[in-house]
Amino acid sequence: MEPLRLLLAGDVMTGRGIDQVLPHPSAPGLFEPWVRDARDYVRIAEEASGPIPRAVPPEYVWGDVLPVLRRADLRVANLETAVTASDDAWPGKGIHYRMAPANLACLAAAHLDVAVLANNHVLDWGVAGLRETLQVLGRLPVRCAGAGLQRQQARAPVAVTLAGGGRLLVSAWATASSGVPAEWAAGATRPGIALLPDLSDAGFLEIAQAVASARQPGDLCLVSLHWGGNWGFGVPAEHRAFAHRLVDRGVADVVHGHSSHHPLGIEVYRGRAVLHGCGDLLNDYEGIGPHGSLRSDASCLYLLTLAADGALQRLEIVPLRIRRFRLEQADDATRRWLRELFEREGRAVGTGVQALADGRLALRWG
């Protein structure tokens, strides 16, 4: 098998404000304590960055990253929104993300191969919203991992055939620490997500058994985990230990972590890539301002080159900035902030970054 060029992204949040600038916006009503109309997120962003066009073409939000997306062999991202017209907002949940099914062309433009749905927003609009999300995404050449109409489907890894032979398995899970209600766990006959209550031995065995049931000789395996809070540097010790165990036991060749709105440190453990937190790729927080020293407008794509046995050969980071609800190449200040972040956070896990001539960052390890 030829080396695999795998593109990973964190949270893709095309609902709420971003949905409002697409051609077919959802009803804008929200149930948040401070914002009751999704169009207010558009107004806040425009106050910060200038006018945002309406009824934008499907590829608008992806901006400068489309050439990068097309160059990868496979693309995996955490889709953190329901794609539904359901009005069945989950009760007691402060934030509800949805994208109108009529705006599906926006997701199609990204050419995703796997959409991870094990997260804390895919059931924001109830079981009806999840059912419709799965149905709508089924119109695209994309596989959905981590959610399903019942437990077996939600927990089953998806297998993507590689052009050079072999397969990549994607096993996707969320933890309660990311804000997932316990009721969202898929049941024997109940739609939901693959939920791990914690990172205990039992949680590890659930993932290991799911992977073992699907894995064939020669398969590579990516375990995608929506875990931890939205803000704050430092990788929790239990996250590192759990990721190491997945690698040690041969369950994961890549650990794809997400939930934090900003990137976290990247580790290379026993030759395997562990991305503890990829940060948001796309969100509608523009103009809200930084969370202390943390920025949610600084975004990244991650390009991994994997050997046939899953060992990491190269990892490049593409620094980006979200501006006017569109992904742009990072400016100098944003690129510098991201480089300092990866250097600082990488020290604890033995990695650093090197600036490349084209503005990308190359991971250093070993």
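Each reported figure results from applying straightforward, stated rules to the coordinates on display, with no laboratory input. The structure displayed is predicted, hence computed values, not measured ones. Neighbour counts are summed over all protein chains in view; Cβ atoms, including those assigned to glycine, are modelled from backbone coordinates with ideal geometry.
Computed values, structure above
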item	result
Estimated FRET transfer efficiency (Ala311, Asp87; beta-carbon r; R0 45 Å; 0.05)	0.40
DSSP beta bridge pairing in the chain, given as percent antiparallel to the nearest 5	50 percent
Radius 11 Å from Cβ of Leu341, net charge of other residues (Lys, Arg +1; Asp, Glu -1)	+2
Axial C-alpha extent at least 30 Å, average Kyte-Doolittle at least 1.6 - helices from the chain (DSSP)	none
Gyration tensor verdict on the stretch 1-142 (Cα atoms; rounded if a/c is under 1.5, prolate if a/b is larger than b/c, oblate otherwise)	oblate
Alpha-carbon centroid distance for the pair the stretch 260-319 / the stretch 144-204, whole angstrom	21 Å
For peptides 265-272, 119-126, 47-54, sequence by mean Cβ density within 10 Å, most packed first	119-126, 265-272, 47-54
At 1.306 mPa s and 10 °C, Stokes diffusion of the chain via Kirkwood alpha-carbon radius, µm² per second	79 µm²/s
Fluctuation leader among Gln216, Gln153, Gln20 - the chain, Gaussian network, Cα springs under 10 angstrom	Gln216
